[in-house]
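The values are calculated or read from the model by the stated rules, or taken from the named source; none is laboratory data. On a predicted model such as this, the values are computed, not experimentally measured, just so you know. As a convention, Cβ positions derive from the backbone with ideal geometry for all residues, glycine included, and neighbour counts pool all protein chains shown.
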Amino acid sequence: MRILTQTVMVMLGVCLFSCVNGDVESLDMSGEWHFKMDSLDVGVSEKWYVQVFEDVVMLPGSMAENGKGDKVSVNTKWTGQIVDSAWFKSSKYAAYRKPGNVKIPFWLQPEIHYVGAAWYQKQIVVPSEWQDKVVELRLERPHWETQVWVDGNYVGKQNSLGTPHVYRLTDLKPGKYIVSIRIDNSIHDIDPGLNSHSITDHTQSNWNGIAGTIQLTKRGKLFLDNVRVYPDVVNKMIKVAARINNYTGDSKKCKLKLEVKESADQMKSLGVISKEVTIDTVGQFEIDYLMGDKPLLWDEFTPNLYTMDLSLQSPLGTDTEQVTFGMREFKVDGTRFAINGRPVFLRGTLECAIFPKTGYPATDVETWKRILNVCKAHGLNHMRFHSWCPPEAAFEAADQLGVYLQVEVSSWANVSSSIGNGLPIDKWLYREAECILDAYGNHPSFVMMAYGNEPGGKNQKAYLSEFVSHFKDLDNRRVYTGGAGWPYIENQDYYNNAAPRIQGWGAGLRSVINSRPPETVFDYNDIINKTPMPYVSHEIGQWCAYPNFKEIQKYTGVLKAKNFEIFKETLEENHMGHLADSFLLASGKLQALCYKADIEAALRTRNFAGFQLLDLHDFPGQGTALVGVLDAFWEEKGYITPEEYSRFCNETVPLARLEKRVFNNHEIFTALIEIAHFGSDALNNPKVTWELSNMERVVSEGDFQITNIPIGNGFKLGTVEVDLKGIKSPQKLTLTVRVEGFFNSWDVWVYPLELEEIESTETMRMVKGLDAGTLEYLINGGKVLLSPKQGTIKPEMGGAIGVGFSSIFWNTAWTRGQKPHTLGVLCNPEHPLLAEFPTEYHSNWQWWDAMSHSNAIILDAFSLNLKPIVRVIDDWFTNRRLALIFEAKVGKGKLLFSGIDLHSDLKDRPEARQLLYSVKKYMLSEQFNPKEALTAESVRGLFNN
């Protein structure tokens, strides 16, 4: 049975008389409330609703904000899965389990935590002017289950996670009353999944309280309810449907009036229409309204809004409702979406209820506008709310800014829960989804809906098939899928799955980015062509950067970055605290590079519907997933700007297909240039130019004569061909393509095929291991380049570290140690060893070969004075001193240790060949003069027997 609105009605007869001057429509109930914790859950049985509480709190707000609850300890019962249990038993975390110094590494940490029932109580005064009125008690965002009593009389219970709890009090006479609200944030029979972002400590925290508006509102005995606007763009009209509630007990004749105005100009009315209706107990009506010859349409480029005023006139007075809506049609068009008939490509990110200051979601429009404007500045047009539904303010902000939203029904039914198995969650999801549609369905930004995230349950497919069918029939104003991530069901409107990305769960070093030499040719056409519906890639990216410890000071609210404090302290214990900022910036540059590769692969794929990033900003839970180029506050970290990010993520992005990124100077550089253009209109006679340049000059340039660039992607602009024979020295070149005001660029490297002879009177040996002869040579004053093969280093000395080119995927704690385990390189590009191997201080694509043929060396057992020439940035959970290249004195000799294999297949590895040349040239110069001494035994101790 359909639940049209989640309300509870009660007849209350006991009241106290009071007279309040002035007629008001609503009463604000924010402010001081009396309070009592009910940790033993005895409040109902002991009739606390007739007691008076002594403690006080401020609402809106949470228990944590009010300092109510229990101090965090090793026994705290968190709401969220903890994959890595090391914190509970490992000696390295022993200091953080002690009372007074409890710090957890898996998510942001409140000082106070509480799960259970709590009671909130306030006296209200119903004005005399509200005689014979229906009174509504509205709680905008309570968390979670509420029960309400008025003067000891039970009103009802509600448990929506994504919509306001509204209690209707009929026959509530003027006077004073005590309202008691019991709020329970624990999981009982309804289990949406303990990792669901609607309830979990991973992100917003499992808080107890009420956020947003808390008010009493006067309603007549005859009033409008559940007003729904259905735009019809093709026929330039809207259908308005609503319910009329009649509490008079008699049939009533009423007159409906409807007027629509442009929201931006309230003087522009489209006219007034009226309709006579007769209402019994409950009435339904529909009205068609013509929007004129040229209605203003809503989309990401022109987010035009209309305001509809609806009035219900009767002998009892006039009831009014005002609804903001947009004229838009968002629908499936083959394997893409179309907005008002124009192709749209979703460039999205997740929002996982991450609000560190409060521990609960913002309910004001300005905060959401700031967040969405940050997304738009980075070229995005879409946001997915992972396993939760945001408050009204998020929809209003998205309406105003033109952002497409995917909303989910408050659930990630996995681990602790499942769907389709007859559990109470099955029916609750239908109720919750219907509440969400009733509350927010008129918002034009609300274009997509899913049950939630990655479901569990052997019957999930059948359940979700019925779920999708039900809601497609109920409300056709948006598109529906079963679950974000899986499963595939034939009747859904689109498929939201993780296959189209360059690093998948469990792929490790076998992923596209870590197993295939650098190129920009690959796409996902083979996946898309096999799927007969729009395909939106699920949670692409998940590339990590090192923690920004300067961020700790931002956590001035409920949630503290105790996890960051652990990582900072262990880095300092390993004597690398001074490198924290360098680790952040270098790993951040690699992270941005990985995101660029991920996003461009999606944009190269024809007939693709779009992507959803995980994430533009950091995800503080699930082990600490520092996957954003922005921090948890949506603020920059310092290594990429929105302008730089939007070059490869935007409505219009030039693209280059390069079969490789590293060339010898006898080759022809070739790039096939195309474009992804999803702007408001086609580009007519655009100016399209390209240049290939180094730091000092333009090596070659040109243009393409293009008359029209249509909306879509895969449109070819031309081919760039440059003969590289004029490049005599090793260098990085940058290809830049400009199309009107948009441009994008790609780095490539050119190395001489013929290397100059190194003039030196000295000699050196290059070896894979230290045999007796080599040791004798070294100890007696020789120079040795030790370059072992990958896999020959002892596990405890670095051999167990999974070194790949990319940064860490998600984080090693949550993925149970999936490779890679490192965050790229950190080096001084001016070091003479790198003189013939041009580089920045961080990883770029010319390091792919080195990282794919290397061992990381743990230097923790060596002197602190042993400084790597090229560092490997370690996982923040371990913070080991890692080297890729270092030098030392051994006896009278000089050792250069390269964790990179510089022996194998050099004819097919131009980067290794060039790096080896640069290393040799350095070693045969006077600049090679190691200061720190190692024993031969300590060096040999690095190797497997």
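Of the residues that sit in the range 204-216 and are of a type outside the set (Gly, Ala, Ser) and at pLDDT 95 or above, which one is surrounded by the most Cβ atoms within 10 Å (Cβ to Cβ)?
Per the criteria, the residue is Trp207.
Which of the strands (runs of 3 or more DSSP E) contained wholly in the range 778-896 include at least 3 residues that are under 36 Å from the mean Cα position of the chain (by Cα)?
Result: 822-827, 870-874, 882-890.
Tell me, which residue of the range 271-303 that is among the hydroxyl-bearing types (Ser, Thr, Tyr) and under 15 Å from Lys257 (Cβ atoms) is nearest to the chain's Cα centre (by Cα)?
Applying the filter and picking the extreme gives Tyr289.
Any idea which residue in the range 492-524 is farthest from Gly804 (Cα to Cα), counting only those that are of a type in the set (Ser, Thr, Tyr) and outside any strand (DSSP E or B)?
Ranking the qualifying residues of the range 492-524, first place goes to Tyr494.
If a residue must be part of a loop (DSSP other than H, G, I, E, B) and either surrounded by 16 or more Cβ atoms within 10 Å (Cβ to Cβ) or of a type in the set (Ser, Thr, Tyr) (or both), how many such residues does the range 904-945 contain?
The qualifying residues number 9.
Determine whether Gly334 is surrounded by fewer than 17 Cβ atoms within 10 Å (Cβ to Cβ), out of contact with any Ser or Thr (no Cβ under 9 Å at 6 or more places or on another chain) and within 17 Å of Leu258 (Cα to Cα).
no
Yes or no: the range 628-638 includes at least one residue that is within 30 Å of Glu754 (Cβ to Cβ), part of a loop (DSSP other than H, G, I, E, B) and acidic (Asp, Glu).
no
Of all the residues that make up the range 380-437, how many are within 28 Å of Glu643 (Cα to Cα), of a type in the set (D, E, K, R) and in contact with a Gly (Cβ under 8 Å, 6 or more places away or on another chain)?
Counting residues in the range 380-437 that are within 28 Å of Glu643 (Cα to Cα), of a type in the set (D, E, K, R) and in contact with a Gly (Cβ under 8 Å, 6 or more places away or on another chain) gives 2.
Can you pull out every residue in the range 382-416 that is touching a helix residue (DSSP H, G or I) at 6+ places or on another chain (Cβ under 9 Å), surrounded by 24 or more Cβ atoms within 10 Å (Cβ to Cβ), among the small types (Gly, Ala, Ser) and not in a helix (DSSP H, G or I)?
Those that are touching a helix residue (DSSP H, G or I) at 6+ places or on another chain (Cβ under 9 Å), surrounded by 24 or more Cβ atoms within 10 Å (Cβ to Cβ), among the small types (Gly, Ala, Ser) and not in a helix (DSSP H, G or I): Ser410, Ser411, Ala413.
Kindly evaluate Ser582 against the criterion of being part of a helix (DSSP H, G or I) and surrounded by fewer than 20 Cβ atoms within 10 Å (Cβ to Cβ).
It is true that Ser582 is part of a helix (DSSP H, G or I) and surrounded by fewer than 20 Cβ atoms within 10 Å (Cβ to Cβ).
Give all pairs with beta carbons closer than 6 Å in which a residue from the range 161-177 that is assigned by TED's automatic domain parsing to the domain that holds His143 meets a residue that is among the charged types (D, E, K, R) and modelled with pLDDT of 95 or more; count only pairs at least 6 apart in sequence or on separate chains.
Listed pairs, sorted by first residue: Pro164/Arg138; Pro164/Glu140; Val166/Glu136; Val166/Arg138; Arg168/Glu136; Tyr177/Asp151.
Of the conditions (1) touching a Leu at 6+ places or on another chain (Cβ under 9 Å); (2) over 29 Å from Thr624 (Cβ atoms), Pro192 satisfies every one except a single condition; which number is it?
(2)
I want to confirm something. Restricting to the range 506-531 and keeping residues that are among the charged types (D, E, K, R) and closer than 25 Å to Thr719 by Cβ, which single residue is surrounded by the fewest Cβ atoms within 10 Å (Cβ to Cβ)?
Asp526
Go through the range 469-484 and count every residue that is outside any strand (DSSP E or B), of a type outside the set (D, E, K, R) and buried (at least 21 other Cβ atoms within 10 Å of the Cβ).
Residues that pass the stated criteria total 2.
What are the residues in the range 715-736 that are under 30 Å from the mean Cα position of the chain (by Cα) and farther than 23 Å from Pro517 by Cα, if any?
Passing the criteria: only Phe715.
Residue by residue through the range 525-562, note down the ones that are touching a residue at least 24 places away in the same chain (Cβ under 8 Å), in a helix (DSSP H, G or I) and among the hydrophobic types (A, V, I, L, M, F, W, C).
Those that are touching a residue at least 24 places away in the same chain (Cβ under 8 Å), in a helix (DSSP H, G or I) and among the hydrophobic types (A, V, I, L, M, F, W, C): Ile527, Ile528, Phe549.
For the range 290-322, name all the residues that are crowded, with 18+ Cβ neighbours inside 10 Å and either among the basic types (Lys, Arg) or closer than 18 Å to Ala241 by Cα (or both).
Met291, Tyr306, Met308, Leu310, Ser311, Leu312, Asp319
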